[in-house]
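Structure first, then comments.
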């Protein structure tokens, strides 16, 4: 669906993203895994068209996309933001549906909103101003906004940040169900266990460079130094071996 080739972004002498190439397949949940400072957010901002980059291309179905074209095909959900702090969660969700002009009937729009609200357990928060929400509550509200957008590709930076174990599992299930409708998800995650539970394939990023890409089995085959066990080694073991 989307191909990234040779993407490089520098800030003076610091190279934040170095010659990154990867593929995003239609309908998958792809994880970008790396520690804090590895370049995950910079890479997402470059892919989304928010940051100019020094070299490389972002292509969809073989055609290079300009930043303007990406705005209609890729929706980027940053981490740690609080848009419209004085407005309620219900207002934000209705505004999202109205702004992007979904062709659904009024009843259809309400049904889509209600489904997302149920999946992310937001019913009790609909009347709360976004600025009053806790970190975890705000994260779920923002994910609901992202899930209501029509763009074929959704980039979400740290979708599980601020969530407890139960909430992480519930949100992970909601994202899997959302992908099953045909949406493609690319999630930036630093908690490896969360990524292993939710995602189909993985891109391993360290110091701004891709160290591996593939399913768990494909990554294990790329990593000769992972522990020798009868079963496939864990994603955590593979990440440590490749980075």
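Taken over segment 160-173, the criterion of being farther than 17 Å from residue 130 by Cβ and under 13 Å from the mean Cα position of the chain (by Cα) is satisfied by 160, 171, 172. A Cβ distance below 7 Å, combined with a sequence gap of six or more or placement on separate chains, defines the contacts here; from segment 167-183, residues that are closer than 13 Å to residue 27 by Cβ reach residues that are assigned to a helix (DSSP H, G or I) in the pairs 175/198; 176/198; 177/119; 178/147. Can residue 59 be described as part of a strand (DSSP E or B), in contact (Cβ under 8 Å) with a residue 40 or more places away in the chain and surrounded by fewer than 19 Cβ atoms within 10 Å (Cβ to Cβ)? So residue 59 passes the test. In this structure, residue 202 does not qualify as in contact with a strand residue (DSSP E or B) (Cβ under 9 Å, 6 or more places away or on another chain), farther than 21 Å from residue 115 by Cα, touching a residue at least 40 places away in the same chain (Cβ under 8 Å) and in a helix (DSSP H, G or I). Here the condition is being farther than 17 Å from residue 206 by Cα, surrounded by 14 or more Cβ atoms within 10 Å (Cβ to Cβ) and either free of Cβ contacts under 8 Å to residues at least 40 places away in the same chain or out of contact with any helix residue (DSSP H, G or I) (no Cβ under 7 Å at 6 or more places or on another chain) (or both); of 68, 25, 13, 73, it holds for 73 alone. Taking the condition in contact with a strand residue (DSSP E or B) (Cβ under 8 Å, 6 or more places away or on another chain), surrounded by fewer than 22 Cβ atoms within 10 Å (Cβ to Cβ) and not in a strand (DSSP E or B), does residue 37 pass? Answer is no for this residue. A search for C-beta distances below 7 Å between a residue of segment 45-56 that is at positive phi and any residue that is loosely packed, with under 14 Cβ neighbours inside 10 Å and at pLDDT 95 or above, counting only pairs 6+ apart in sequence or on different chains, returns 56/6.
The values are calculated or read from the model by the stated rules, or taken from the named source; none is laboratory data. Fair warning: this is a prediction, and the values are worked out from it, not measured in the lab. Because the Cβ atoms are built from the backbone with ideal geometry, glycine has one as well, and the counts that use them run over all protein chains shown.
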